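Quick notes on the structure that follows.
The values are calculated or read from the model by the stated rules, or taken from the named source; none is laboratory data. Remember, it's a predicted structure, so these values are computed and weren't measured experimentally. Please note: Cβ atoms are built from the backbone with ideal geometry, for glycine as well, and neighbour counts cover all protein chains shown. Surface areas here come from the heavy atoms of the whole protein model, side chains and all, with no ligands, DNA or RNA. Shrake-Rupley method; radii C 1.70, N 1.55, O 1.52, S 1.80 Å.
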Amino acid sequence: MNTLPSAPTHCCFCAMQCAMELHADGAVKPLPHPINGGKLCVLGLTSGELLGHADRLRTPLVRKGGRLEPTSWEEALEVAVQGFRHIAAEHGKNANAVYGGGSLSNEKAYLLGKFARLALGTPHVDYNGRYCMSAAAAAQNLALGLDRGLNRPLADLPRYDVILLVGSNAAECLPMLMPHLQRAKEGGTRFIVVDPRRTTTANLAALHLAPRPGTDLALANSLLYLLAEAQQLDYDFIAERTQGFEEALRAVQGCTAAWAAEVCGLMPREIEQAAQLLASARKALILTGRGADQNARGVATTLAFINLALALGAEFGTLTGQANGQGGREMGQKADQLPGYRDVEDPADRRAVARVWGVEPEQLPGKGYSAFEILQAIARGEIRGMLVMGANPIPSSPHSDWVRENLARMDHLVVIDSFLSETARHAKVVLPGALWCEEDGTTTNLEGRVVLRRAVCPPPKGARSDLEILCALAVGLGAGQYFRYGSPKEVYDELRRATKGAKADYYGITWERLEAGEELFWPCPSEDHPGTPRPFAERFAHADGRARFIPTPFRPSAEEPAAPYPLYLTTGRVLYHYLTGNHTRRLERLKKKCPEPLLEVHPETAQRLGLAEGDLAEVSSQRASARYRVKYNPKIRPDTLFVPFHWDGQQAINRLMNPVLDPICQMPEFKVAAVSLSPVAQAEATLFSNETQMGAKGNPVVESFFA
């Protein structure tokens, strides 16, 4: 019997936030819960192995003579603070920036936004969710008046006759969503799955559509056109609960099945079948994932699927990815938002937050740069100092080599992390922070459900909690009066007050109610309110209660295949790793399952180029080249290559991706790039294998940093 300390908590990886019991020795036991039904995926079951890991950072590091060297906390904090102070004095407060993460707890995301605006006095605070949820969030805000992700409990999924799932390989990205989807299928739900690959998720499908990457917008527009032509829309719903339908319908005129088939690389009959399935549904649900919106047309693409849902009287949701991807984008670590989804440029919203923070509204900076715009400003020399917490922007950003070069040249880069990420390796100061299970906190899962993650133990000797580090930095910067907290609960209580009356109102979701096990979904405006699991059941969140149709004329990807780059490249996840792999690639069980990124190629394409399975091949775009082992996949489009993005350095596939941004939300073009593919000579392949093996053994330069 395990007698070590344990705590009920929730997984640190995806937005399902599965419930589990974690012991201080790393042992994990799934807990019964509506989210995960007493089961865990391989990531959750392995997560406890991060506790006590040999690679944990246990001492601060400061760059001296070009090398990161161990130092005391006093010196590290002093160097960090003085660097930010010097930049502000020489170049102005706006020359500093903050870069956060969608896996941070609500408390950390909240405090990071407050730190940027009050301690650094900069408007430039954003987070890695800009790279995954910003398009879907912007679209839902525009069309529905509120971004609430899935916006219904998971238990609702079997209610639908048809579910259209666009751009999500849930089996590998949100594994514990699959039992819910499978239960729906067993109850009679028919699935249409849209993905350039026939993934495990697509095995649910009554109909699988494999369009060219970046063409989902054309598919959505064509489906709306076909259903309108067949008079298969819900005109009563359109009249009673929406506005703008005629303008949206005019924007899809001419989007025939033949036209969309040409654009998408499908057969007209496939698109017609999808329309017929949707028309046959008594109640349909349209769900989008990052495959649909992680591109420079992401907002328009999501809006097009929302238009389709509204026209059918169907329901719409989007699948949040990161652990706290929902809460992380609500709490003020975003360039245009204050806590509670308050608008940083709205006078009433500014007054509400300033009142809670004890400052004048004029003290709050306005709208700042988004995540990739921060990196562009660094390249211009406009931003010279940056604090990074809960993110690894080098491998996670498009055109990663360019990002690496610019971060390496920064005057002052400070990173708070529990492991030495690729970004941290280029920092001026590295501050060892806490794992998710070493600090109490709340997160908000993909349903909008708020959960309490309890700490099982404190951070190891030499590391500190992230909240403690932020408060210490704030004190050094002369803003300590705004950062007096004795616990994460005190931060949460302030967070509740800052969101009171806002769109994302957490005021009624008290810490005590969460401790008591209540199932609570925001908005929850009072302590006796039951929460809101289905925010659009009776009205949408615009002032008049109506959803908006928004015209979405088609435009192609910024980069289409043509000589000398004749193939599509798309990226995604694999089951055994998460985000940039800074955690999962350190876990032996996961690393053995998936030790390196593989290049998925259709056998016909590979054989035409003289590539056997297991050969080393070079993929090249206009920005970079990378080498990967070939994996035959007969279930991928012959014109498309797939590489997962969980690796850094030369294996980071984002090195090849296009940094063009969506004009509304500044989402980069992650899901489509034009590339070439060629074999690598045997001698070079042997050298590559040797270098890969050396890299897998660890970097001797940094091994001494770990106690």
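Could you list, in sequence order, the residues of the stretch 76-90 that are acidic (Asp, Glu) and either open to solvent by less than 30 Å² (accessible area, probe 1.4 Å) or closer than 14 Å to residue 473 by Cβ (or both)?
Across the stretch 76-90, the qualifying residue is only 78.
Out of 147, 126, 55, I need the residue that is farther than 19 Å from residue 326 by Cβ and acidic (Asp, Glu). Which one? So that I can check it myself, show each step before the final result.
On the way: 147 fails: farther than 19 Å from residue 326 by Cβ; 126 fails: farther than 19 Å from residue 326 by Cβ.
55 is the lone residue from the list that is farther than 19 Å from residue 326 by Cβ and acidic (Asp, Glu).
Look at the stretch 48-65 and say how many of its residues are open to solvent by less than 30 Å² (accessible area, probe 1.4 Å) and under 18 Å from residue 414 (Cβ atoms).
Residues flagged as open to solvent by less than 30 Å² (accessible area, probe 1.4 Å) and under 18 Å from residue 414 (Cβ atoms) within the stretch 48-65 amount to 4.
Which of the numbered conditions does residue 547 fail, given that it passes all the others? Conditions: (1) aliphatic (A, V, I, L, M); (2) in contact with a helix residue (DSSP H, G or I) (Cβ under 8 Å, 6 or more places away or on another chain); (3) under 30 Å from residue 489 (Cα atoms).
With (1) aliphatic (A, V, I, L, M); (2) in contact with a helix residue (DSSP H, G or I) (Cβ under 8 Å, 6 or more places away or on another chain); (3) under 30 Å from residue 489 (Cα atoms) applied to residue 547, the lone miss is (3).
Which number in (1) open to solvent by 10 Å² or more (accessible area, probe 1.4 Å); (2) part of a strand (DSSP E or B) marks the one condition that residue 642 misses?
(1)
Would you confirm whether or not the stretch 327-336 contains a residue that is without any contact (Cβ under 8 Å) to a residue 24 or more places away in the chain, open to solvent by less than 10 Å² (accessible area, probe 1.4 Å) and either within 20 Å of residue 501 (Cβ to Cβ) or part of a loop (DSSP other than H, G, I, E, B) (or both)? Give the derivation first.
To start, the set of residues in the stretch 327-336 that are without any contact (Cβ under 8 Å) to a residue 24 or more places away in the chain comprises none.
No: zero hits.
Would you check if residue 171 is more than 22 Å from residue 213 (Cβ to Cβ), open to solvent by 10 Å² or more (accessible area, probe 1.4 Å), small (Gly, Ala, Ser) and modelled with pLDDT of 95 or more?
no
Taking residue 340 as meeting all but one of (1) open to solvent by less than 20 Å² (accessible area, probe 1.4 Å); (2) under 12 Å from residue 502 (Cβ atoms); (3) out of contact with any Ser or Thr (no Cβ under 7 Å at 6 or more places or on another chain), write down the number of the exception.
So the condition that residue 340 fails would be (3).
Would you tally the residues in the stretch 174-205 being part of a helix (DSSP H, G or I), open to solvent by 10 Å² or more (accessible area, probe 1.4 Å) and under 12 Å from residue 635 (Cβ atoms)?
So the answer is 1.
Please find, within the stretch 370-421, the residue that is farthest from residue 57 (Cα to Cα) out of those that are assigned to a loop (DSSP other than H, G, I, E, B) and aliphatic (A, V, I, L, M).
Looking at residues that are assigned to a loop (DSSP other than H, G, I, E, B) and aliphatic (A, V, I, L, M), I get 383.
Checking the structure you have, find out if any residue of the stretch 230-243 is open to solvent by 20 Å² or more (accessible area, probe 1.4 Å), touching a Leu at 6+ places or on another chain (Cβ under 9 Å) and under 27 Å from residue 664 (Cα atoms).
Looking through the stretch 230-243, at least one residue is open to solvent by 20 Å² or more (accessible area, probe 1.4 Å), touching a Leu at 6+ places or on another chain (Cβ under 9 Å) and under 27 Å from residue 664 (Cα atoms).
Give the residue that is most open to solvent (accessible area, probe 1.4 Å), with candidates limited to residues of the stretch 517-557 that are under 19 Å from residue 342 (Cα atoms) and touching a Pro at 6+ places or on another chain (Cβ under 6 Å).
532
I'm trying to understand the selection: among the residues of the stretch 409-426, which are open to solvent by 30 Å² or more (accessible area, probe 1.4 Å) and out of contact with any Lys or Arg (no Cβ under 9 Å at 6 or more places or on another chain)?
Across the stretch 409-426, the qualifying residues are 409, 425.
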